[in-house]
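Visitor: Below are the structure tokens for one structure; questions will follow.
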Amino acid sequence: MPSHIVTHAGTATPAQREHRLRTLDEIVLSSAATCRASDPDDWFPLTEDETVLRDIARKLCGDCPIQASCLERQLLIEEGMPLYETDGITAATTPLERYEIRTGVAGIEVAA
Ligand code: SF4
């Protein structure tokens, strides 16, 4: 996980949020994403063991150079969603980790 992430979830207007999401889409869907050539099934492990999931997440995203943008994008996408509606590994995080980040405080700062 990136060592320092700041999002503006909860403080942006809907238009600002959509604009930011489009910008992040362009970054995450670019060729810089190290997961572009991977098997999509890898991102939805069939285990609910959080320790195993976290290990898989770190391994899959490794040193991806756009991890911070990827996480910010996913947090925006999942904003307001209950944990049970989220799924999959993204930005070296599990759904539970992202839920914990989202339900922290607005203007999130996360240190590794
Ligand atoms: S951080 Fe992980 S999920 Fe996000 S683009 Fe990089 S490899 Fe893909």
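We did not get these values from a lab; they are worked out from the coordinates using the rules stated. None of the values given here were measured: they were computed from a predicted structure. Here the Cβ is made from the backbone with ideal geometry for all residues, glycine too, and neighbour counts use every protein chain on show.
Visitor: Examine region 8-23 for a residue that is in a helix (DSSP H, G or I), hydroxyl-bearing (Ser, Thr, Tyr), under 20 Å from Asp87 (Cβ atoms) and over 13 Å from the mean Cα position of the chain (by Cα), and state whether such a residue exists.
Guide: No, that holds for no residue.
Visitor: Within region 14-27, does at least one residue satisfy the condition of being within 10 Å of the ligand (Cβ to nearest atom), in contact (Cβ under 8 Å) with a residue 40 or more places away in the chain and touching a strand residue (DSSP E or B) at 6+ places or on another chain (Cβ under 7 Å)? If you could, list the steps in order and put the result at the bottom.
Guide: Narrowing region 14-27 to residues within 10 Å of the ligand (Cβ to nearest atom): 27.
When the remaining residues are screened for being in contact (Cβ under 8 Å) with a residue 40 or more places away in the chain, the result is 27.
Now drop any that are not touching a strand residue (DSSP E or B) at 6+ places or on another chain (Cβ under 7 Å), which leaves none.
No - not one qualifying residue is present in region 14-27.
Visitor: Looking only at region 28-68, which residues are free of Cβ contacts under 8 Å to residues at least 12 places away in the same chain and either among the hydroxyl-bearing types (Ser, Thr, Tyr) or touching a Phe, Trp or Tyr at 6+ places or on another chain (Cβ under 9 Å) (or both)? Write out each step before concluding.
Guide: Taking region 28-68 and keeping what is free of Cβ contacts under 8 Å to residues at least 12 places away in the same chain, we get 29, 31, 36-37, 39-41, 46-49, 51-52, 55, 59.
Across region 28-68, the qualifying residues are Ser31, Thr47, Thr51.
Visitor: Out of the residues in region 28-74 that are in a loop (DSSP other than H, G, I, E, B) and acidic (Asp, Glu), which is nearest to the ligand (Cβ to nearest atom)? Before the answer, list the steps.
Guide: Narrowing region 28-74 to residues in a loop (DSSP other than H, G, I, E, B): 29-39, 44-49, 62-66.
Adding the requirement that they be acidic (Asp, Glu) leaves 39, 48-49, 63.
On the way: Asp39: 12, Glu48: 20, Asp49: 20, Asp63: 9 Å.
By that ranking, first place goes to Asp63.
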